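Read through the structure below, which is laid out as structure tokens, and then see the notes.
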Amino acid sequence: MGLLKVGVGAVESVLADQWREYFYCPSLSGNVLVKKGEKRQSKKNYNTKGNDNLITNGSIIAVNEGQCMIIVDQGAIAEVCTEAGEFVYDTSTEPTIFYGGFGKGLADSFEQFKKRFTFGGDTGKDQRVYFFNTKEIMGNKYGTASPVPFRVVDRNIGLDIDIAIRCHGEYAYRMIDPILFYKNICGNVETEYTRDKIDSQLRSELLTALQPAFGKISNMGIRYSALPGHTNDLSQALNEVLSDKWGGKYGIAISSIGVSSVKASEEDEKMIKELQRNATLRNPNMAAAHLVDAQAQAMKSAAANTSTGPMMAFAGMNMAANAGGMNPQSLFSMGQQHNPIPQPQQASEQAGWTCSCGASGNTGKFCSECGSPRPSQDNFWTCACGARNTGKFCSECGKPKPAGALQYKCDKCGWEPEDPSKPPKFCPECGDPFDNGDVKR
């Protein structure tokens, strides 16, 4: 009777698992990382006696956007689907007469009956569907309970010093390799795996990775006060530090990080400001200006001193000056030697030269109006006042150029203008432009 009951139970089990199933994931909130797939069983569904952890051949699995589906067969990953849509599982070891042909399905079902009979009517198999949340998991808070070292590098003043800063904010991560996450983190969970089971570990490892990440940021010349504007660089630096642990073992990566505030201790901030201020005084001109301002303030304080009298205060200032303590003039001289003030150009260089066409103020080798080359020193004419000119009028007294001062003749065809004081820009015979070669005494 016992064997008969086992046989009847095996037949009922095989017949109950003939129906194809429809697996889906109702929802994956931001707190759920992994969830086991469910079979849809409506009120009109008669597939109520099938085993939960079995997937009949030809079953359909619906994969939504932002999800990754994994099928685990006997503890090993059998199928992976990262694309949204309908997935048909047609390689299952659970046969059915409703998929793949009636004859083949019937023969495979009989073999399955014999196998289940040896297990006392049980299936002897475990198959599961898991859905992984591949969306960004946001709102993960972090904060440095103790100060974190940060290297301050300012190449402009030669500053290279370590300080301690505190920072806090939020970061987001996403699952990039669900297989690694299943193998190393969650395993075959019964229902779901939530983020609160791993957040504490991730936060601790993130804070540990902040120090080398800050080192990479400081080497880029980014100051600690400018970290909120370089969150992308900080996220990349953290991923480089955590790539072996998070990406290579957990299958997750930091997608973005936000820095709410970064603050150094008052002692460190005061020290950095003092060093930067002292670095500016290495410039002699800046040091001299600072010294003059200090002397002016000292003079005001001496004039307002009523206890010992202004004369005694000024006498002390004179003694300090005679001892060499206050000498801004020597600093200004040093600054003039290192950074001399450019002298203005001569008036003749600024005025330029005047072309024969009347255009003045030319400074190059050619006229900006007609393109004629700059005349040589031989083509200047001397006015009665003694000024040397090239134009039609004297630049000193305004007298017109005397007739006969220059004689123009085309160097191509030999044509000469009737009025030498008013030569044309181009020769009317051959069209050659008048230049220095057309001028003769």
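What is the sum of charges around I179, taking Lys and Arg as +1, Asp and Glu as -1, for the other residues whose C-beta is under 13 Å from the C-beta of I179?
After counting each charged neighbour, the total is 0.
What is the dipole size for region 118-271, taken about its Cα centre, with +1 at each Lys and Arg Cβ and -1 at each Asp and Glu Cβ, in debye to the nearest 20?
Dipole about the Cα centre, nearest 20: 200 debye.
Quick check: pseudo-label points 7 Å beyond the Cα along Cα→Cβ at D432 and N64, how many nm apart are they?
9.1
From the backbone phi of region 254-264, what are the Karplus-calculated ³J(HN,Hα) couplings (6.51 cos²θ - 1.76 cosθ + 1.60, θ = phi - 60°) in whole Hz, Gly and Pro given as x?
6, 8, 7, 9, x, 10, 6, 7, 9, 9, 9
Can you give the FRET efficiency for S204 and E136, using 1/(1 + (r/R0)^6), R0 = 22 Å, r = Cβ-Cβ distance, to the nearest 0.05?
For R0 = 22 Å, the calculated efficiency reads 0.55.
Under the 0.36 nm per residue contour assumption, what length would be gained going from the current alpha-carbon distance of D126 and T144 to full extension?
Full extension of this stretch gives 2.0 nm more.
Starting from the Cα coordinates of region 140-186, work out the convex hull volume and express it per residue in Å³.
154
How would you rank 161-169, 264-272, highest first, on the average number of other Cβ atoms within 10 Å across their residues?
Going from most to least packed, we get 161-169, 264-272.
Points 7 angstrom from Cα along the Cβ direction at D90 and D196: gap in nanometres?
Placing both labels 7 Å along Cα→Cβ, they lie 4.4 nm apart.
Local charge sum around K263 (other residues, Cβ-Cβ under 11 Å, Lys/Arg +1, Asp/Glu -1)?
-2
Given labels modelled 7 Å from the Cα in the Cβ direction, how far is it in nm from S243 to E170?
2.9
Can you tell me which of 127-135, 220-228, 235-243, 253-261 comes out highest on packing, and rank the rest after it, using the mean Cβ neighbours within 10 Å?
127-135, 235-243, 253-261, 220-228
Output the relative contact order of region 183-254, whole-number percent, from Cα pairs under 8 angstrom with separation of 6+ residues.
RCO, region 183-254: 33 percent.
If you stretched the chain out fully between N53 and Q297, how much longer would it get, using 0.36 nm times the residue separation minus the C-alpha to C-alpha distance?
79.1 nm
Every read-out reported here was derived from the displayed coordinates using simple, explicitly stated rules and does not represent laboratory data. Quantities reported herein were computed from a predicted structural model and do not represent experimental measurements. Every residue, glycine as well, gets a Cβ built from its backbone with ideal geometry; the counts of neighbours run over all protein chains shown.
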